[in-house]
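Reading through the structure tokens given below for one structure.
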Amino acid sequence: MIAFWTLAALAVTSAAMIIVVRNLLHAVLFLILSFVGIAGLYITMSADFVAVAQVLIYAGAISVLMIFAVMLTPRSDRDNAGNMLQAPALVLSGLVITAVSMVAVETDWRLADRVAFESTATEIGDALVSPFVLPFEIASVVLVVAMIGAIVLVRED
Amino acid sequence: MSSELNLDYSLLTPEFCLAGLAALILALDLFVDDFRKSWLPYVAAAGLAAVLALSLGWVNKESDFAGLLSVDNYTTFFRVFFMATAAVVALVSAQFVQDKLRHPGEYYALLVLSTIGAIYMAASRELLTAYISLELLSFCLFVLVSYAKHERRSNEGGLKYMLLGAFASAILLYGISMIYGTSGSTFYADIAAAYAGDTSAFDLALLLGLVMVLAGLGFKVAAVPFHMWTPDAYEGAPLPITAYLSATSKVAGFALLLRLFSGAFMPVLDDWQWIVAALAAMTMVLGNLVALQQHNIKRLLAYSSIGQVGYMLMAIAALSAATSSALLLHMTGYVITNLAAFTCIIAWYNLTGRDEISGFRGMAERTPLLAAALTAALFSLSGMPLFAGFFTKFMLFQAVADEGFLWLTVIAVVMSFVSLYYYLLVIREIYVSKPEEGEERLPVPALISGLTVALTIGVFYVGIFPRHLLDVAEEATKLLFA
């Protein structure tokens with residue numbers, strides 16, 4: 001329980017800081033912190049493989065990519081600028097937060113009626129090749145499309 | 001459990017062939033030095049036609065792949081539908097891509113790959129498969145919309161489409177997680193079973209999940225209030241891709257909605273029916289009223305297609321066997337008509353470089369065939385008798401009214417009259433305004449003429465003999481409500 005609340009507080013606070021800080025680079029650093037917090041939450045739910053993937057891919061690879069993107073952009077074009085829509089956005093996100101948290105508290109969530117997996121990596125692997133082989137294959141086509149698209153749009157000609 | 005799964009890969013043959021076709025197009029583009037790049041659209045169209053013929057082998061067969069997707073008449077209907085659409089779009093792209101865009105190989109490959117996503121959106125009976133197929137279609141469209149990368153509008157439209165699309169996907173996924181949390185499954189049949197009993201223990205989460213799923217999918221089909229990307233993406237995209245957006249991306253969204261809501265959410269009809277009805281009403285009104293003020297033909301058709309989405313959403317709101325077959329009929333008529341309109345607009349743009357509504361002046365003198373076909377298509381879109389639009393709308397409105405949504409039908413009929421006004425504005429430019437001095441008749445390529453004539457015949461065929469197509473549509477939707 002203590003672990004859960006600490007990690008949840010870490011994830012939520014750093015997520016809030018992403019929006020609050022003005023410097024975009026600091027925002028990315030807070031984003032990494034938030035990713036790590038979420039990875040911790042996965043561990044408390046004994047989803048160890050997802051946690052490792054979260055750290056490796058999100059906290060690792062994607063954040064590095066983002067830092068590169070931020071560093072390579074001229075300073076005047078980045079950083080959070082204020083504008084007229086701040087107040088409505090605050091109201092809207094406040095409403096969404098209230099609605100979602102109310103739902104989360106009120107609902108009688110369906111709990112999985114099975115024992116914990118011994119190791120999640122093998123289970124995920126089995127699921128990916130046996131029942132969910134098709135979405136797995138479609139995902140590979142999606143990656144091909146993303147790659148072709150990135151090359152076509154960025155290539156100089 | 002895994003031993004009982006039906007992992008019959010032969011069911012997926014058409015899509016494997018499509019992936020192979022895309023690879024072939026890329027390879028031809030890359031390796032064959034003296035290969036004429038202008039042949040690529042014909043290779044793509046011929047390949048699509050061949051796979052289309054192959055997929056007809058599954059007519060009246062019913063099977064499923066590991067419970068993830070069904071191959072039944074519904075799937076076969078949409079396989080034919082999407083491949084035919086993509087083939088027509090490939091053909092009308094030929095001249096445009098050669099003149100205006102670079103990298104034709106990737107263009108046609110993405111076009112072919114996107115049909116796989118569209119087909120599986122219609123076929124899937126499981127939320128994750130449906131989601132990843134939706135992403136496949138969306139990714140292709142993001143790239144294709146920004147394909148004219150040296151034009152600011154194309155970049156702007158593509159970027160808006162991608163950012164809002166990613167946002168909508170996130171909302172859709174969150175909604176799916178709510179559905180999973182309350183039903184304990186991502187398979188449509190299991191979700192329906194879980195919701196069949198008492199849902200009061202989790203009705204708030206269910207409602208939130210439904211709202212989020214509707215918001216995510218509403219974005220993909222451009223329903224109000226999730227339509228903001230549509231005019232910019234339509235205007236920025238290369239013209240053939242605008243045609244493709246208005247056809248495949250919408251129809252695929254509705255194919256998914258229809259299977260999902262009839263297969264999984266039917267037991268909780270009361271929770272979502274009013275939301276969809278409200279969305280339909282807003283979409284019809286806003287789409288048609290804003291279309292009145294447009295000066296660019298692409299933006300006009302963007303808003304008019306938003307209005308059309310409103311009519312289609314009515315069928316989801318009043319979901320039943322009758323409305324869903326009417327929806328399939330209406331979508332077929334709409335897509336044939338829209339492709340006919342866009343074929344003329346693309347040909348006119350290729351010849352004159354104009355896509356403002358005022359730029360259509362003198363079209364009747366300079367290209368009489370295109371002018372007549374475009375007029376027929378616009379009349380059909382507004383729902384004039386004899387054309388496809390009249391009968392398909394009539395069937396749809398009648399089916400919706402029979403389900404007790406008379407007020408929606410009234411709005412739809414009024415909005416159809418509004419739409420006639422802005423279509424007539426275009427027709428006035430075509431026929432009443434005279435060409436400027438020294439503008440001669442223009443030569444229309446034979447292929448485009450043939451395609452225009454074929455599509456226009458299609459418009460009349462659906463309008464005069466709708467029974468044939470309606471029978472097919474009824475056959476296709478029969479299993480949804482079995």
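Overview of results
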read-out: Positions within the stretch B:55-74 being acidic (Asp, Glu) and within 12 Å of another protein chain (Cβ to nearest Cβ), in sequence order; value: B:ASP64
read-out: Residue, nearest to B:GLN98 (Cα to Cα), within the stretch B:356-372, restricted to residues that are assigned to a loop (DSSP other than H, G, I, E, B) and open to solvent by less than 30 Å² (accessible area, probe 1.4 Å); value: B:THR367
read-out: Residue count, the stretch A:14-58 (criterion: within 28 Å of A:MET71 (Cβ to Cβ), surrounded by 14 or more Cβ atoms within 10 Å (Cβ to Cβ) and not aliphatic (A, V, I, L, M)); value: 9
read-out: Pick from the stretch A:131-157, criterion more than 23 Å from B:PHE65 (Cα to Cα) and part of a loop (DSSP other than H, G, I, E, B), ranking: least open to solvent (accessible area, probe 1.4 Å); value: A:ASP157
read-out: Test: residue in the stretch A:108-120 that is within 14 Å of chain B (Cβ to nearest Cβ), in a helix (DSSP H, G or I) and either at pLDDT 85 or above or closer than 30 Å to B:LEU7 by Cα (or both); value: no
read-out: Selection count, the stretch A:109-122, where residues are open to solvent by 80 Å² or more (accessible area, probe 1.4 Å) and out of contact with any Ser or Thr (no Cβ under 7 Å at 6 or more places or on another chain); value: 8
read-out: Conditions (1) within 14 Å of another protein chain (Cβ to nearest Cβ); (2) farther than 21 Å from B:MET331 by Cβ; (3) crowded, with 24+ Cβ neighbours inside 10 Å; (4) among the hydrophobic types (A, V, I, L, M, F, W, C): number failed by B:LEU128; value: (3)
read-out: Any hit, the stretch B:273-292, residues being open to solvent by 30 Å² or more (accessible area, probe 1.4 Å), farther than 26 Å from B:LEU136 by Cα and outside any helix (DSSP H, G or I); value: yes
read-out: Some residue of the stretch B:16-27 being modelled with pLDDT under 95, β-branched (Val, Ile, Thr), under 30 Å from B:PHE96 (Cα atoms) and surrounded by 14 or more Cβ atoms within 10 Å (Cβ to Cβ); value: yes
read-out: Only listed residue being open to solvent by less than 10 Å² (accessible area, probe 1.4 Å), at the interface with another protein chain (Cβ under 9 Å from one of its Cβ atoms), assigned to a helix (DSSP H, G or I) and modelled with pLDDT under 95, chosen from B:GLY158, B:GLY181; value: B:GLY158
read-out: Selection within the stretch B:387-396 - touching a residue at least 40 places away in the same chain (Cβ under 8 Å) and assigned to a helix (DSSP H, G or I); value: B:ALA388, B:GLY389, B:PHE390, B:PHE391, B:THR392, B:LYS393, B:MET395, B:LEU396
read-out: Residue within the stretch A:85-92 that is modelled with pLDDT under 90, under 28 Å from B:ASN155 (Cα atoms) and either open to solvent by less than 40 Å² (accessible area, probe 1.4 Å) or not in a helix (DSSP H, G or I) (or both) present; value: yes
read-out: Test: B:GLU106 is within 11 Å of chain A (Cβ to nearest Cβ) and either at pLDDT below 95 or farther than 30 Å from B:MET178 by Cα (or both); value: yes
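Here's the yes/no breakdown for (1) buried (at least 19 other Cβ atoms within 10 Å of the Cβ); (2) closer than 23 Å to B:ALA255 by Cα; (3) within 12 Å of chain A (Cβ to nearest Cβ):
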{"site": "B:GLU135", "(1), (2), (3)": "yes, yes, yes"}
{"site": "B:GLY165", "(1), (2), (3)": "yes, yes, no"}
{"site": "B:TYR174", "(1), (2), (3)": "no, yes, yes"}
{"site": "B:TYR195", "(1), (2), (3)": "yes, yes, yes"}
{"site": "B:LEU206", "(1), (2), (3)": "yes, yes, yes"}
{"site": "B:VAL221", "(1), (2), (3)": "yes, yes, no"}
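The values are calculated or read from the model by the stated rules, or taken from the named source; none is laboratory data. Treat the numbers as computed from the prediction; the structure is a model and nothing was measured. With ideal geometry, Cβ positions are generated from the backbone for all residues, glycine too; neighbour counts draw on all protein chains shown. Side chains included, ligands, DNA and RNA excluded: accessible areas come from the protein's heavy atoms. Shrake-Rupley method; radii C 1.70, N 1.55, O 1.52, S 1.80 Å.
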